[in-house]
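Remarks on the structure that follows.
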Amino acid sequence: MRRAFFSLGSNLGDRGALLRAGVHAVRDGDDARVSRVYVTEPVGGVAQPDFWNLVVEVATAAPPRELLARAQRAEAEAGRVRDVRWGPRTLDVDVVWIDGYASDDPDLTVPHPRAFARAFVLVPWRELAPDLVSDADVASAGGAVALLGTLDDV
């Protein structure tokens, strides 16, 4: 078993319901912990609504490609459409970290290449893994992040 972390975000539709479904999909029966939900500014310059973001930690024996498949399946089940790069979306799911695994494959780059530059990933990730994300990492990341509540509250 090893730890893997997914970052989930939504800014279209019923964001709470989409995030709950996304958590269920990436968990896929594994033990999981879920961060609180944060309201965050969009990244990428496209005018769009704010995101709701969280991080999920799973304890898993699944291989990395299966974790990627879970992320892609969650997005597909949420009706994710990729019209505009960094545009609005029903659900965005990224594999950000897998203990003991690194890859620079374009389909599955782990650690996620932009994770440590984005407060919307680091703040909820730090809740679950302060051994991987430091206060200094969070302080140097870009983007405003505000606590919304737990997934049960939204």
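Among the residues making up region 97-115, those that are surrounded by 16 or more Cβ atoms within 10 Å (Cβ to Cβ) and either aromatic (Phe, Trp, Tyr) or in a loop (DSSP other than H, G, I, E, B) (or both) are Trp97, Pro111, His112.
For region 16-43, the tally of residues that are touching a Gly at 6+ places or on another chain (Cβ under 8 Å) and of a type in the set (Lys, Arg) stands at 1. Please indicate, with yes or no, whether at least one residue in region 110-128 is within 15 Å of Val23 (Cβ to Cβ), in contact with a Lys or Arg (Cβ under 7 Å, 6 or more places away or on another chain) and modelled with pLDDT under 95. Looking through region 110-128, none of the residues is within 15 Å of Val23 (Cβ to Cβ), in contact with a Lys or Arg (Cβ under 7 Å, 6 or more places away or on another chain) and modelled with pLDDT under 95. Under the condition of being under 17 Å from Val121 (Cα atoms) and surrounded by 15 or more Cβ atoms within 10 Å (Cβ to Cβ), the residues counted in region 33-50 number 11. Of all the criteria given as (1) more than 15 Å from the chain's Cα centre (by Cα); (2) over 19 Å from Glu127 (Cα atoms), the one not satisfied by Leu67 is (1). The one condition from (1) assigned to a loop (DSSP other than H, G, I, E, B); (2) hydroxyl-bearing (Ser, Thr, Tyr); (3) surrounded by fewer than 17 Cβ atoms within 10 Å (Cβ to Cβ) that Thr90 does not meet is (3).
Could you check, for region 44-52, whether at least one of its residues is among the hydrophobic types (A, V, I, L, M, F, W, C) and at pLDDT 95 or above?
Scanning region 44-52, I find at least one residue that is among the hydrophobic types (A, V, I, L, M, F, W, C) and at pLDDT 95 or above, so the answer is yes.
Only a single item in (1) more than 16 Å from the chain's Cα centre (by Cα); (2) within 24 Å of Asp14 (Cβ to Cβ); (3) in contact (Cβ under 8 Å) with a residue 24 or more places away in the chain is not met by Ser103, and it is number (2).
The values are calculated or read from the model by the stated rules, or taken from the named source; none is laboratory data. The structure displayed is predicted, hence computed values, not measured ones. When we count neighbours, we look across all protein chains shown, and the Cβ atoms used for this are built from the backbone with ideal geometry, even at glycine.
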